[in-house]
Every structure is written in C-alpha cells, then in structure tokens.
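Heads up, the thing below is written out as structure tokens.
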Amino acid sequence: MGAETGNDRPPRWGYDADNGPALWASLDPGYAACALGTEQSPVDLAGGRGAGLPPLEFAYRPSRIVLENTGHTVQANPDPGSFVVLDGIRYELRQFHFHHGSEHLFDGVRLALELHLVHAAGDGALAVVGVLFAEGAAHGTLAPLWAHLPAEPGAVRAVPGELDLATLLPARLTAWRYRGSLTTPPCTEGVAWAVLAEPLAISAAQIAAFAALYPNNFRPVQPLGQRVLHIG
C-alpha cells in the first residue's frame, strides 16, 4: 500500500530484479525503513488472538471513480465522503489500489489479488483495509473498473457512472488487525491494518487482465516479530 502518484519518469523502485523489494532500502536513504523497520507489512495471516475489539464500521457511499496507472499499480480515486471507523477513530477513504498476487498470505497461501483501501484520519494517521480475492466467479463491481484499466504508466481514465463502494467488501467483516507499514517505499510504519478474513471471488479472466499490466506487484511477507495478530 502506498500513497502512489503517477509521473512521466519510470519508477525508480519497482518489483523487478534490479529495483525490487530486496533492494528498496538501497535505492534511497528515505527508504531505510524497508530494511530496518520492525513493524513492516505485509505478514502471514495465520492464527490470530481474539481480543474483543470493536467491529469495523464502514460508511461507504456510491462514488465516481478516476483510475490512474501509477507505474506501480492501478489506483482508483473516489469522491470524498466514504469512511471507516477503526478502534473508535474515523478514517476517510482516500484511494484504493490492487496487488497481484496478494501481499498478505492466508495461512501461508498467496491468493490471486489483494485490494488495499487506503484511509487517513484528521491527524494524518493511516489505516488500510485489505480485501483478499481468490479465483472463482467474476466480480461484478470490478467489471466496470477492469473495462477502463489505464494501460500505460501515468495514464488516467474516468469510469462512467458511479461505483457502489460497499460492494467491494465481503458480507462478513471479521478482520485480522495489527500495526504495520506501507507495503511500498518509503515503508512508513504506524499504519493500522485490518485485513478482512472472508475472500471475495474474481474470475481467471479478470486476474489475467490485471496481470497483463502488473504480473507481480507484491511485496513478500515480513517478520511479525513481537507483534500480535488480533482477529475479530
């Protein structure tokens, strides 16, 4: 997950052998946390301690969407007004984007795709809601987005009509929650993560369409260290 912006130059960091995750910290001093951080994301979602956490409260509304190919992913920029309440704090939805395959592992298994819904609180604190996708039936809400995927880095395309953002979420909102980081440079820590436990379905054709643009834009899992995964 990153606050990604498009530009006219090739991205300095990426997912290839010469600029991939193992090298991020060496590409820029500002990326040091990618190697030295102790609360990095993603992680393997295995186990999880029940902690009686307050449930996630989503207030997502239909929105116009502008898609942007950032050079690292396809990012969707919605209208303001949607938010989530996580641990009593309101975070406004700023953007969402996709990783192929999933960044978080599901008990050691990498799924087909992962959606990151990136939110910010009034003080700038970040919360990311992750949604995992497994191969199955086509996902209807993704269809209009996939029909307008911008193919070239820096390209921007508006999606006609409005998207019901709530349909990007599974019916059950049980989630793994932990303190982590951005999964892209600069790998900033202090991010509140909630990865929903119920995967959604996506078709093989939809997976292939995104993979044609970004065949492997995922960061490998990072050590959990002293952190505890909570689920609830």
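The values are calculated or read from the model by the stated rules, or taken from the named source; none is laboratory data. Bear in mind the structure is a predicted one, so any value in this text is a computation, not a measurement. As a convention, Cβ positions derive from the backbone with ideal geometry for all residues, glycine included, and neighbour counts pool all protein chains shown. Calculation scope for accessible area: heavy atoms of the full protein, side chains included, ligands and nucleic acids excluded. Shrake-Rupley method; radii C 1.70, N 1.55, O 1.52, S 1.80 Å.
Scanning the stretch 142-157 for residues that are touching a Lys or Arg at 6+ places or on another chain (Cβ under 6 Å) and within 14 Å of Phe98 (Cα to Cα) yields a total of 1.
Against the list (1) within 25 Å of Phe96 (Cβ to Cβ); (2) without any contact (Cβ under 8 Å) to a residue 24 or more places away in the chain; (3) out of contact with any helix residue (DSSP H, G or I) (no Cβ under 7 Å at 6 or more places or on another chain), the condition Asn19 fails is (3).
Reported count of residues in the stretch 178-203, each being under 20 Å from Phe133 (Cα atoms), assigned to a strand (DSSP E or B) and open to solvent by less than 10 Å² (accessible area, probe 1.4 Å), is 5. So is Asp123 open to solvent by 20 Å² or more (accessible area, probe 1.4 Å), more than 16 Å from Phe218 (Cβ to Cβ) and either within 18 Å of the chain's Cα centre (by Cα) or at pLDDT below 95 (or both) or not? Here the answer is no, as Asp123 does not meet what is asked.
Test Gln206 against the criterion of being open to solvent by 10 Å² or more (accessible area, probe 1.4 Å) and closer than 24 Å to Pro62 by Cα, and give yes or no. Yes. Being touching a residue at least 12 places away in the same chain (Cβ under 8 Å), in contact with a His (Cβ under 8 Å, 6 or more places away or on another chain) and within 24 Å of Leu45 (Cβ to Cβ), is that true of even one residue in the stretch 142-158? No; the residues of the stretch 142-158 include none that is touching a residue at least 12 places away in the same chain (Cβ under 8 Å), in contact with a His (Cβ under 8 Å, 6 or more places away or on another chain) and within 24 Å of Leu45 (Cβ to Cβ).
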